[in-house]
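The following block contains the structure, expressed as C-alpha coordinates.
The values are calculated or read from the model by the stated rules, or taken from the named source; none is laboratory data. Values in this document were obtained by computation on a predicted structure and should not be read as measured data. Note: ideal-geometry Cβ built from the backbone for every residue, glycine included; neighbour counts use all protein chains shown. Just so you know, the surface numbers come from the protein's heavy atoms only, side chains and all, with ligands and any DNA or RNA stripped out. Shrake-Rupley method; radii C 1.70, N 1.55, O 1.52, S 1.80 Å.
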Amino acid sequence: MSIESLVSDDLLQGIRSRAAGYDADNSFFTEDLAELAEAGYLRMLVPAEFGGPGLGLASVAREQTRLATAAPATALAVNMHLVWTGVARLLHDRGDHSLDFVLREAAEGEVFAFGNSEAGNDQVLFDSTTRAEPQPGGAYRFFGQKIFTSLSPAWTRLGIFGRDDSEPGSPVLVHGFLAREATGYRILDDWNTLGMRATQSRTTVLEGAEVAADRIVRRLPVGPNGDPFIFAIFANFEILIAAVYAGIGERALELAVQAAHRRTSMKNDGRTYAADPDIRWKVAEAAIAQDGLYPQVEALARDVDSGADHGAEWFPRLVGLKVRATENARFVVDQALRVAGGSSMSATSELGRLYRDVLAGMFHPSDGESAHSTVANAWLGPLS
(Lines give C-alpha, C1' and ligand atoms only; values in the text may rest on other atoms or scores of the structure.)
Protein backbone atom coordinates (compact mmCIF):
# COMPACT_ATOMS: atom_id res chain seq x y z
CA MET A 1 0.00 0.00 0.00
CA SER A 2 1.31 3.47 -0.84
CA ILE A 3 1.94 5.77 2.09
CA GLU A 4 0.22 8.61 0.26
CA SER A 5 -3.08 6.75 0.64
CA LEU A 6 -2.87 7.04 4.41
CA VAL A 7 -2.25 10.78 4.86
CA SER A 8 -3.79 13.17 2.38
CA ASP A 9 -2.54 16.69 1.79
CA ASP A 10 -5.78 17.98 3.33
CA LEU A 11 -5.21 15.92 6.47
CA LEU A 12 -1.65 17.18 6.73
CA GLN A 13 -2.78 20.77 6.28
CA GLY A 14 -5.38 20.38 9.02
CA ILE A 15 -2.68 19.08 11.35
CA ARG A 16 -0.45 22.03 10.44
CA SER A 17 -3.27 24.47 11.17
CA ARG A 18 -3.69 23.20 14.74
CA ALA A 19 -0.03 22.99 15.77
CA ALA A 20 0.32 26.58 16.96
CA GLY A 21 -2.84 26.34 19.05
CA TYR A 22 -1.74 23.18 20.81
CA ASP A 23 1.59 24.82 21.57
CA ALA A 24 0.08 28.08 22.86
CA ASP A 25 -2.48 26.27 25.01
CA ASN A 26 -0.06 23.56 26.20
CA SER A 27 -2.69 21.04 25.17
CA PHE A 28 -2.64 17.50 23.79
CA PHE A 29 -3.06 16.91 20.05
CA THR A 30 -6.40 15.15 20.47
CA GLU A 31 -7.82 16.01 17.05
CA ASP A 32 -4.60 15.12 15.25
CA LEU A 33 -4.41 11.72 16.93
CA ALA A 34 -8.03 10.90 16.12
CA GLU A 35 -7.62 11.81 12.47
CA LEU A 36 -4.32 9.95 12.12
CA ALA A 37 -5.83 6.86 13.73
CA GLU A 38 -8.83 7.04 11.42
CA ALA A 39 -6.48 7.27 8.43
CA GLY A 40 -4.66 4.11 9.53
CA TYR A 41 -1.46 5.94 10.44
CA LEU A 42 -1.01 4.07 13.72
CA ARG A 43 -1.19 0.73 11.90
CA MET A 44 1.49 1.51 9.31
CA LEU A 45 4.02 -1.03 10.55
CA VAL A 46 1.44 -3.75 11.27
CA PRO A 47 1.79 -6.64 8.79
CA ALA A 48 -1.12 -7.55 6.53
CA GLU A 49 -1.71 -10.79 8.42
CA PHE A 50 -2.63 -8.72 11.50
CA GLY A 51 -4.78 -6.25 9.58
CA GLY A 52 -2.30 -3.49 8.73
CA PRO A 53 -0.71 -2.22 5.52
CA GLY A 54 2.65 -3.77 6.36
CA LEU A 55 4.82 -0.77 5.48
CA GLY A 56 8.53 -0.97 6.17
CA LEU A 57 10.53 1.25 8.48
CA ALA A 58 11.98 3.25 5.58
CA SER A 59 8.47 4.20 4.38
CA VAL A 60 7.33 5.07 7.89
CA ALA A 61 10.43 7.20 8.49
CA ARG A 62 9.67 9.19 5.34
CA GLU A 63 6.12 9.75 6.49
CA GLN A 64 7.25 10.82 9.95
CA THR A 65 9.53 13.39 8.35
CA ARG A 66 6.55 14.65 6.37
CA LEU A 67 4.33 14.81 9.46
CA ALA A 68 7.02 16.66 11.40
CA THR A 69 7.09 19.43 8.78
CA ALA A 70 3.50 20.13 9.81
CA ALA A 71 3.55 19.46 13.56
CA PRO A 72 6.79 18.33 15.23
CA ALA A 73 5.18 17.59 18.60
CA THR A 74 2.49 15.45 17.02
CA ALA A 75 5.10 13.50 15.07
CA LEU A 76 7.35 13.06 18.09
CA ALA A 77 4.56 11.70 20.29
CA VAL A 78 3.20 9.39 17.58
CA ASN A 79 6.78 8.11 17.24
CA MET A 80 6.44 6.33 20.58
CA HIS A 81 3.53 4.22 19.37
CA LEU A 82 5.28 3.55 16.08
CA VAL A 83 8.46 2.47 17.87
CA TRP A 84 6.59 -0.25 19.76
CA THR A 85 4.85 -1.50 16.64
CA GLY A 86 8.22 -1.36 14.90
CA VAL A 87 9.82 -3.43 17.66
CA ALA A 88 7.07 -6.02 17.43
CA ARG A 89 7.33 -6.05 13.64
CA LEU A 90 11.11 -6.49 13.63
CA LEU A 91 10.92 -9.38 16.08
CA HIS A 92 8.04 -11.01 14.22
CA ASP A 93 9.89 -10.81 10.90
CA ARG A 94 12.84 -12.58 12.53
CA GLY A 95 10.75 -15.39 13.96
CA ASP A 96 10.25 -14.04 17.49
CA HIS A 97 6.52 -13.87 18.27
CA SER A 98 6.76 -12.62 21.85
CA LEU A 99 5.30 -9.22 20.90
CA ASP A 100 2.77 -10.34 18.31
CA PHE A 101 0.05 -9.18 20.70
CA VAL A 102 1.31 -5.62 20.14
CA LEU A 103 0.63 -5.97 16.42
CA ARG A 104 -2.80 -7.48 16.98
CA GLU A 105 -3.82 -4.84 19.51
CA ALA A 106 -2.44 -1.95 17.45
CA ALA A 107 -4.56 -3.20 14.54
CA GLU A 108 -7.56 -3.11 16.90
CA GLY A 109 -6.90 0.52 17.85
CA GLU A 110 -4.84 0.31 21.03
CA VAL A 111 -2.32 3.12 21.50
CA PHE A 112 1.13 2.20 22.82
CA ALA A 113 3.52 4.51 24.66
CA PHE A 114 6.96 4.44 26.30
CA GLY A 115 7.32 4.47 30.07
CA ASN A 116 11.05 3.79 30.26
CA SER A 117 12.83 7.09 30.94
CA GLU A 118 13.85 7.79 34.54
CA ALA A 119 15.38 10.88 36.10
CA GLY A 120 19.06 10.32 36.78
CA ASN A 121 19.25 7.01 34.92
CA ASP A 122 21.99 7.47 32.33
CA GLN A 123 22.12 3.69 31.78
CA VAL A 124 18.88 4.01 29.77
CA LEU A 125 17.81 0.39 29.07
CA PHE A 126 20.72 -1.28 30.84
CA ASP A 127 19.59 -0.58 34.41
CA SER A 128 16.59 0.89 36.18
CA THR A 129 15.68 2.81 39.31
CA THR A 130 12.18 1.30 39.19
CA ARG A 131 11.57 -1.71 41.45
CA ALA A 132 9.95 -4.78 39.88
CA GLU A 133 8.48 -7.22 42.39
CA PRO A 134 7.59 -10.73 41.19
CA GLN A 135 4.07 -11.96 41.97
CA PRO A 136 2.60 -15.47 42.04
CA GLY A 137 1.96 -16.81 38.57
CA GLY A 138 4.56 -14.69 36.79
CA ALA A 139 3.02 -11.25 37.10
CA TYR A 140 5.02 -8.24 38.36
CA ARG A 141 4.24 -5.11 40.34
CA PHE A 142 6.26 -1.98 39.57
CA PHE A 143 7.29 0.84 41.91
CA GLY A 144 9.05 3.95 40.62
CA GLN A 145 8.72 7.08 38.58
CA LYS A 146 8.90 7.43 34.81
CA ILE A 147 9.46 10.76 33.09
CA PHE A 148 8.79 11.99 29.55
CA THR A 149 5.83 9.65 29.06
CA SER A 150 4.59 10.97 25.73
CA LEU A 151 0.95 10.32 24.81
CA SER A 152 0.04 10.44 28.52
CA PRO A 153 -3.59 11.50 27.92
CA ALA A 154 -4.21 8.83 25.28
CA TRP A 155 -2.14 5.68 25.68
CA THR A 156 -3.95 2.45 26.38
CA ARG A 157 -0.81 0.28 26.69
CA LEU A 158 2.36 1.54 28.39
CA GLY A 159 5.66 -0.27 27.94
CA ILE A 160 7.57 -0.15 31.24
CA PHE A 161 10.52 -1.87 32.84
CA GLY A 162 12.10 -2.20 36.26
CA ARG A 163 14.77 -4.06 38.23
CA ASP A 164 14.05 -7.31 40.02
CA ASP A 165 16.54 -7.94 42.86
CA SER A 166 14.68 -10.87 44.36
CA GLU A 167 17.52 -13.27 43.48
CA PRO A 168 20.63 -12.13 45.42
CA GLY A 169 23.52 -11.42 43.11
CA SER A 170 21.44 -11.96 39.94
CA PRO A 171 19.42 -8.81 39.26
CA VAL A 172 17.27 -8.80 36.14
CA LEU A 173 15.46 -6.11 34.18
CA VAL A 174 11.82 -6.93 33.63
CA HIS A 175 9.96 -5.48 30.62
CA GLY A 176 6.20 -5.54 30.25
CA PHE A 177 3.11 -3.66 29.11
CA LEU A 178 0.78 -1.96 31.56
CA ALA A 179 -2.90 -1.66 30.62
CA ARG A 180 -4.60 1.71 31.05
CA GLU A 181 -7.34 0.11 33.14
CA ALA A 182 -4.83 -1.20 35.67
CA THR A 183 -4.55 0.32 39.13
CA GLY A 184 -1.48 1.34 41.09
CA TYR A 185 -0.23 4.24 38.99
CA ARG A 186 -0.78 7.99 38.67
CA ILE A 187 -0.18 10.39 35.77
CA LEU A 188 0.90 13.82 36.97
CA ASP A 189 -0.29 16.98 35.23
CA ASP A 190 3.23 18.41 35.16
CA TRP A 191 4.02 19.03 31.47
CA ASN A 192 4.72 22.75 30.96
CA THR A 193 7.84 22.91 28.84
CA LEU A 194 9.75 25.16 26.49
CA GLY A 195 8.94 23.10 23.41
CA MET A 196 7.27 19.91 22.13
CA ARG A 197 4.35 20.92 24.33
CA ALA A 198 1.58 19.00 22.55
CA THR A 199 3.28 15.67 23.32
CA GLN A 200 2.08 16.03 26.94
CA SER A 201 4.93 13.80 28.08
CA ARG A 202 3.87 13.75 31.70
CA THR A 203 5.41 11.94 34.66
CA THR A 204 4.01 8.50 35.46
CA VAL A 205 4.23 7.37 39.08
CA LEU A 206 4.14 3.60 39.54
CA GLU A 207 2.80 2.65 42.97
CA GLY A 208 2.52 -1.10 42.66
CA ALA A 209 1.04 -1.15 39.16
CA GLU A 210 0.64 -4.80 38.15
CA VAL A 211 1.53 -6.21 34.75
CA ALA A 212 -0.02 -9.57 33.98
CA ALA A 213 2.23 -12.55 33.32
CA ASP A 214 1.23 -12.74 29.67
CA ARG A 215 2.31 -9.13 29.20
CA ILE A 216 5.80 -9.61 30.67
CA VAL A 217 7.92 -9.81 27.52
CA ARG A 218 11.55 -9.93 28.74
CA ARG A 219 13.67 -10.68 31.81
CA LEU A 220 17.22 -9.64 30.96
CA PRO A 221 20.45 -9.32 32.96
CA VAL A 222 21.39 -5.85 34.16
CA GLY A 223 23.88 -4.25 31.80
CA PRO A 224 24.42 -4.20 28.03
CA ASN A 225 23.30 -7.29 26.16
CA GLY A 226 22.60 -8.37 22.62
CA ASP A 227 18.99 -9.47 23.02
CA PRO A 228 17.03 -8.76 19.81
CA PHE A 229 14.41 -6.94 21.89
CA ILE A 230 16.96 -4.32 22.96
CA PHE A 231 18.31 -3.98 19.43
CA ALA A 232 14.78 -3.56 18.08
CA ILE A 233 14.06 -0.72 20.52
CA PHE A 234 17.27 1.11 19.69
CA ALA A 235 16.89 0.65 15.93
CA ASN A 236 13.31 1.87 15.71
CA PHE A 237 13.69 4.63 18.29
CA GLU A 238 16.86 6.19 16.90
CA ILE A 239 15.80 6.04 13.25
CA LEU A 240 12.33 7.44 13.84
CA ILE A 241 13.68 10.19 16.10
CA ALA A 242 16.10 11.12 13.31
CA ALA A 243 13.20 11.18 10.85
CA VAL A 244 11.21 13.64 12.98
CA TYR A 245 14.13 16.04 13.32
CA ALA A 246 14.77 15.78 9.58
CA GLY A 247 11.23 17.10 9.19
CA ILE A 248 11.92 20.02 11.52
CA GLY A 249 14.97 20.94 9.46
CA GLU A 250 13.01 20.62 6.22
CA ARG A 251 10.30 22.98 7.40
CA ALA A 252 12.82 25.49 8.78
CA LEU A 253 14.55 25.59 5.41
CA GLU A 254 11.22 26.18 3.65
CA LEU A 255 10.48 29.08 6.01
CA ALA A 256 13.96 30.52 5.45
CA VAL A 257 13.41 30.56 1.69
CA GLN A 258 10.01 32.22 2.14
CA ALA A 259 11.53 34.87 4.41
CA ALA A 260 14.37 35.58 1.98
CA HIS A 261 11.88 36.23 -0.80
CA ARG A 262 9.58 38.28 1.45
CA ARG A 263 12.04 40.59 3.22
CA THR A 264 13.45 43.59 1.39
CA SER A 265 16.73 45.42 1.86
CA MET A 266 17.26 49.16 1.77
CA LYS A 267 20.97 48.48 1.38
CA ASN A 268 20.26 46.70 -1.90
CA ASP A 269 17.83 49.22 -3.37
CA GLY A 270 14.70 47.50 -2.14
CA ARG A 271 15.50 44.11 -3.59
CA THR A 272 14.60 41.06 -1.53
CA TYR A 273 17.11 39.33 0.68
CA ALA A 274 17.11 36.47 -1.81
CA ALA A 275 19.60 38.62 -3.73
CA ASP A 276 21.81 39.36 -0.72
CA PRO A 277 25.08 37.35 -0.84
CA ASP A 278 25.20 36.81 2.92
CA ILE A 279 21.61 35.54 3.06
CA ARG A 280 22.16 33.33 0.03
CA TRP A 281 25.17 31.79 1.79
CA LYS A 282 23.13 31.03 4.92
CA VAL A 283 20.29 29.43 2.94
CA ALA A 284 22.75 27.41 0.87
CA GLU A 285 24.62 26.29 3.98
CA ALA A 286 21.37 25.12 5.57
CA ALA A 287 20.27 23.36 2.39
CA ILE A 288 23.58 21.50 2.07
CA ALA A 289 23.31 20.28 5.65
CA GLN A 290 19.67 19.29 5.26
CA ASP A 291 20.16 17.49 1.97
CA GLY A 292 22.85 15.26 3.44
CA LEU A 293 20.56 13.84 6.12
CA TYR A 294 17.84 12.17 4.04
CA PRO A 295 19.99 9.40 2.54
CA GLN A 296 21.40 8.58 5.97
CA VAL A 297 17.93 8.00 7.47
CA GLU A 298 16.80 6.11 4.38
CA ALA A 299 19.83 3.84 4.20
CA LEU A 300 19.78 2.78 7.85
CA ALA A 301 16.00 2.24 7.84
CA ARG A 302 16.30 0.08 4.72
CA ASP A 303 19.03 -1.94 6.42
CA VAL A 304 16.62 -2.68 9.27
CA ASP A 305 13.90 -3.65 6.79
CA SER A 306 16.21 -5.99 4.91
CA GLY A 307 17.76 -7.55 8.01
CA ALA A 308 21.26 -6.33 7.19
CA ASP A 309 23.96 -7.67 9.48
CA HIS A 310 26.13 -4.81 10.77
CA GLY A 311 27.12 -6.79 13.84
CA ALA A 312 28.79 -4.67 16.48
CA GLU A 313 28.59 -1.63 14.18
CA TRP A 314 24.81 -1.36 14.53
CA PHE A 315 24.74 0.63 17.77
CA PRO A 316 27.40 3.19 16.74
CA ARG A 317 25.55 3.72 13.48
CA LEU A 318 22.20 4.17 15.19
CA VAL A 319 23.35 6.59 17.88
CA GLY A 320 25.46 8.47 15.34
CA LEU A 321 22.43 8.98 13.11
CA LYS A 322 20.35 10.27 16.01
CA VAL A 323 23.01 12.79 17.08
CA ARG A 324 23.64 13.99 13.52
CA ALA A 325 19.93 14.41 12.83
CA THR A 326 19.13 16.38 15.98
CA GLU A 327 22.23 18.57 15.79
CA ASN A 328 21.72 19.10 12.07
CA ALA A 329 18.14 20.24 12.71
CA ARG A 330 19.33 22.73 15.33
CA PHE A 331 21.84 24.15 12.83
CA VAL A 332 19.26 24.49 10.05
CA VAL A 333 16.73 26.14 12.37
CA ASP A 334 19.43 28.52 13.60
CA GLN A 335 20.32 29.52 10.03
CA ALA A 336 16.65 30.00 9.22
CA LEU A 337 16.22 32.32 12.21
CA ARG A 338 19.13 34.42 11.01
CA VAL A 339 17.59 34.66 7.56
CA ALA A 340 14.11 35.49 8.86
CA GLY A 341 15.32 38.21 11.22
CA GLY A 342 13.70 39.62 14.33
CA SER A 343 10.16 38.62 13.36
CA SER A 344 10.98 35.07 14.42
CA MET A 345 11.13 36.31 18.02
CA SER A 346 7.36 36.77 17.94
CA ALA A 347 5.36 34.37 20.10
CA THR A 348 3.25 33.55 17.04
CA SER A 349 6.21 32.82 14.76
CA GLU A 350 6.38 29.28 13.40
CA LEU A 351 10.15 29.52 13.27
CA GLY A 352 10.21 30.55 16.90
CA ARG A 353 8.18 27.46 17.75
CA LEU A 354 10.52 25.26 15.71
CA TYR A 355 13.45 26.76 17.61
CA ARG A 356 11.88 25.70 20.90
CA ASP A 357 10.83 22.30 19.60
CA VAL A 358 14.21 21.43 18.11
CA LEU A 359 15.97 21.86 21.45
CA ALA A 360 14.32 18.68 22.73
CA GLY A 361 16.54 16.69 20.39
CA MET A 362 19.52 16.91 22.72
CA PHE A 363 17.64 15.09 25.49
CA HIS A 364 16.34 12.03 23.64
CA PRO A 365 18.35 8.84 24.09
CA SER A 366 21.03 8.46 23.11
CA ASP A 367 22.20 11.87 24.29
CA GLY A 368 25.51 13.28 23.14
CA GLU A 369 27.55 11.88 25.99
CA SER A 370 26.13 8.38 25.68
CA ALA A 371 26.41 8.36 21.90
CA HIS A 372 30.04 9.47 21.94
CA SER A 373 30.85 6.82 24.52
CA THR A 374 29.27 4.16 22.30
CA VAL A 375 31.17 5.30 19.24
CA ALA A 376 34.45 5.68 21.13
CA ASN A 377 34.10 2.14 22.45
CA ALA A 378 33.51 0.89 18.94
CA TRP A 379 36.64 2.56 17.56
CA LEU A 380 38.99 2.52 20.53
CA GLY A 381 37.71 -0.37 22.61
CA PRO A 382 36.12 -0.10 26.06
CA LEU A 383 37.96 1.54 28.93
CA SER A 384 39.70 -1.01 31.09
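Results for (1) surrounded by 14 or more Cβ atoms within 10 Å (Cβ to Cβ); (2) touching a strand residue (DSSP E or B) at 6+ places or on another chain (Cβ under 9 Å); (3) more than 23 Å from Ala88 (Cβ to Cβ), shown as yes or no for each residue.
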position	(1), (2), (3)
Asp190	no, yes, yes
Thr193	yes, no, yes
Arg218	yes, yes, no
Pro228	yes, no, no
Ala232	yes, no, no
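Still on this structure: Mind checking which pairs have a first residue in the range 138-150 that is within 30 Å of Ala198 (Cβ to Cβ) and without any contact (Cβ under 8 Å) to a residue 60 or more places away in the chain and a second that is open to solvent by 40 Å² or more (accessible area, probe 1.4 Å) and in a strand (DSSP E or B), Cβ under 6 Å, 6 or more apart or different chains?
Listed pairs, sorted by first residue: Thr149/Arg202.
Quick check on the range 323-335: of everything there that is open to solvent by 10 Å² or more (accessible area, probe 1.4 Å) and more than 15 Å from Ile288 (Cβ to Cβ), which residue is nearest to the chain's Cα centre (by Cα)?
Among them, the one singled out is Val323.
Identify all residues within the range 375-384 that are open to solvent by less than 100 Å² (accessible area, probe 1.4 Å) and more than 12 Å from Val323 (Cα to Cα); write none if there are none.
Result: Ala376, Asn377, Ala378, Gly381.
Before we move on, is Ala106 of a type outside the set (Ser, Thr, Tyr), in contact with a Lys or Arg (Cβ under 8 Å, 6 or more places away or on another chain) and surrounded by 24 or more Cβ atoms within 10 Å (Cβ to Cβ)?
yes
While we're looking at this one, here's another question. Looking for something in contact (Cβ under 8 Å) with a residue 40 or more places away in the chain and either open to solvent by 20 Å² or more (accessible area, probe 1.4 Å) or farther than 29 Å from Gly249 by Cα (or both) - is there at least one such residue anywhere in the range 69-78?
Scanning the range 69-78, I find no residue that is in contact (Cβ under 8 Å) with a residue 40 or more places away in the chain and either open to solvent by 20 Å² or more (accessible area, probe 1.4 Å) or farther than 29 Å from Gly249 by Cα (or both), so the answer is no.
Looking at the range 311-322, which of the residues that are in contact (Cβ under 8 Å) with a residue 12 or more places away in the chain and open to solvent by 30 Å² or more (accessible area, probe 1.4 Å) is nearest to Phe231 (Cα to Cα)?
Across the range 311-322, the extreme among qualifying residues is Phe315.
Just name the residue that is nearest to Gly86 (Cα to Cα) out of those in the range 203-243 that are out of contact with any Lys or Arg (no Cβ under 9 Å at 6 or more places or on another chain) and β-branched (Val, Ile, Thr).
Here the answer is Ile233.
Related question: Counting only residues that are in a helix (DSSP H, G or I) and among the charged types (D, E, K, R), which one in the range 240-287 is surrounded by the most Cβ atoms within 10 Å (Cβ to Cβ)?
Taking the candidates together, the pick is Arg251.
Among (1) among the basic types (Lys, Arg); (2) touching a strand residue (DSSP E or B) at 6+ places or on another chain (Cβ under 6 Å); (3) over 25 Å from Ala71 (Cα atoms), where does Arg157 come up short?
Exception for Arg157: condition (3).
Quick check on the range 336-352. Is at least one of its residues in contact (Cβ under 8 Å) with a residue 12 or more places away in the chain, more than 28 Å from the chain's Cα centre (by Cα) and on the phi > 0 side of the Ramachandran plot?
yes
Name the residues in the range 21-46 that are open to solvent by less than 10 Å² (accessible area, probe 1.4 Å) and of a type outside the set (A, V, I, L, M, F, W, C), would you?
Asp32, Gly40, Tyr41
Hey, another quick one. What residue, among those in the range 128-137 that are open to solvent by 40 Å² or more (accessible area, probe 1.4 Å) and in a loop (DSSP other than H, G, I, E, B), is nearest to Thr199 (Cα to Cα)?
Thr129
So which residues in the range 197-215 are open to solvent by 30 Å² or more (accessible area, probe 1.4 Å) and in contact with a helix residue (DSSP H, G or I) (Cβ under 7 Å, 6 or more places away or on another chain), if there are any at all?
Within the range 197-215, Arg197, Ala213 meet the criteria.
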